[in-house]
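Let me begin by presenting the structure, written as structure tokens, before commenting on it.
None of the figures in this text is laboratory data; all of them are computed from the coordinates on show. Keep in mind that what you see is a predicted model, and the values were worked out from it rather than measured. Reconstructed Cβ throughout: ideal geometry from the backbone, glycine too, with neighbour counts over all protein chains shown.
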Amino acid sequence: MAIITISRQVAALGDEIADAEAKKLGYTFVNRKQIEKRIVELGFPAEKLNRYDERKPGFFASLAKDRDEYLNYLQYAVLEAASGGNCILIGRGAFIILEGVQNLVSFRFVSDDDVRLLRLKNEFNWHDKQAQARITESDNNRRGFHKSFFNLENEDPQHFLLTLNTSKLSLEESVRIIETVVKGYITPQKETEGTKRVQELFKGQSLVNHLLFDYHLNINFLRASVENQVVTLHGVSDSQGIAERAVQAAAKILPSCEIKNAISVVQDFKSYQ
């Protein structure tokens, strides 16, 4: 019926509500560990994951090719999970990766700072200073992650259908509200259109990963937009020959599609090392 994404502050009960909601609706809950595991299975080194996973990359990490590889694997993992439908994805920018999908229902969970502080103190037996440090670190990391990878403010309400304050709402109340919104908002038409759109996005990301990781084509910011059976390649390369090789490879990978070339060729372009 729907794809639900959840963005949350630490100690705002995001994971707990997502788990309960999945059981209520009969949906698949794709949690943080499952996304991390899938990214590593796809080929990203496990030892490098903590440099990027829902945190702002350090200066040198932000300039490395690992950053773009992580983003491509992340987008693939999210779109792969979403392609199954009837799922709940939490964190990792899923709300922006899937933004515009017709059957997406995006929620954000927040809580008052004093409530978050109390929850962390009770859960971990921390004192005030430890709990506050965790809140500050988590908020900064999530803000930096979304700014670095998607150039947006994760706290901006325009990206969400609904924001819930779990200081005011219990877990049970939150679950009931989400269920009501999902069932009232998603129509058969939205489901049909959204399913098609996710398939197109997944096809485009799958193609990008093939070209980058199997064909090893040196194209920066590569993406593939898909509409019906037309695929358009975008990106920046310092060689017309590489751009043409990408089109030829894409035609082999997707023989039933028309491949269009919108890759910019910039001489002496300095790529990430």
| Inter-probe distance in nm under a simple model that places probes 7 Å from Cα toward Cβ, at residue 267 and residue 143 | 4.4 nm
| task | Determine by what factor the alpha-carbon radius of gyration of the chain differs from 2.2 N^0.38 Å, reporting the quotient. | result | 1.08
| query | Under a point spin-label approximation (7 Å from Cα along Cα-to-Cβ), what is the residue 196-residue 221 distance to one decimal in nm? | reply | 3.0 nm
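Just need the relative contact order of the chain here, percent rounded to a whole number, with Cα pairs under 8 Å and 6+ apart. The partial results should precede the final answer.
Values: 416 pairs, mean separation 62.1, N = 273.
Relative contact order of the chain: 23 percent.
Using a Förster radius of 22 Å, what is the FRET efficiency between residue 15 and residue 130 based on their Cβ-Cβ separation? Nearest 0.05, please.
On the way: r = 20 Å, r/R0 = 0.92.
Given R0 = 22 Å and the Cβ-Cβ separation, E is 0.65.
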| remark: Subtracting the Cα-Cα distance of residue 40 and residue 23 from 0.36 nm times their residue separation yields 3.4 nm
| Quick one: if the Förster radius is 30 Å, what FRET efficiency do residue 155 and residue 213 give, using the C-beta to C-beta distance and rounding to 0.05? | 0.35
| task | State the extension gain, in nm to one decimal, for the chain segment bounded by residue 83 and residue 50, taking 0.36 nm per residue of separation less the distance between their alpha-carbons. | result | 9.3 nm
| task | Starting from the Cα-Cα distance between residue 242 and residue 33, subtract it from 0.36 nm times their residue separation and give me the gain in nm to one decimal. | result | 71.6 nm
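Across the stretch 25-146, how large is the tail of the calculated P(r) beyond 25 Å, expressed as a percent of all Cα pairs?
Details: 2576 of 7381 pairs.
Summing the P(r) tail past 25 Å for the stretch 25-146 gives 35 percent.
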| Using bins 5 angstrom wide from zero, how does P(r) for the stretch 115-177 break down, in % of all Cα pairs? | 3, 16, 15, 18, 22, 18, 8, 0
| task | For the stretch 1-63, state the semi-axes of the equivalent ellipsoid (square roots of 5 times the eigenvalues of the alpha-carbon gyration tensor), sorted largest first and rounded to whole angstrom. | result | 27, 15, 9
| Are there any helices in the chain, counted as whole DSSP H runs, that stretch 15 Å or more along their axis by Cα and score at least -0.5 on average by Kyte-Doolittle, and if so which? | 171-185, 240-253
| Which values, in whole Å and largest first, are the semi-axes of the equivalent ellipsoid of the stretch 95-145 obtained as the square root of 5 times each eigenvalue of the Cα gyration tensor? | 30, 13, 8
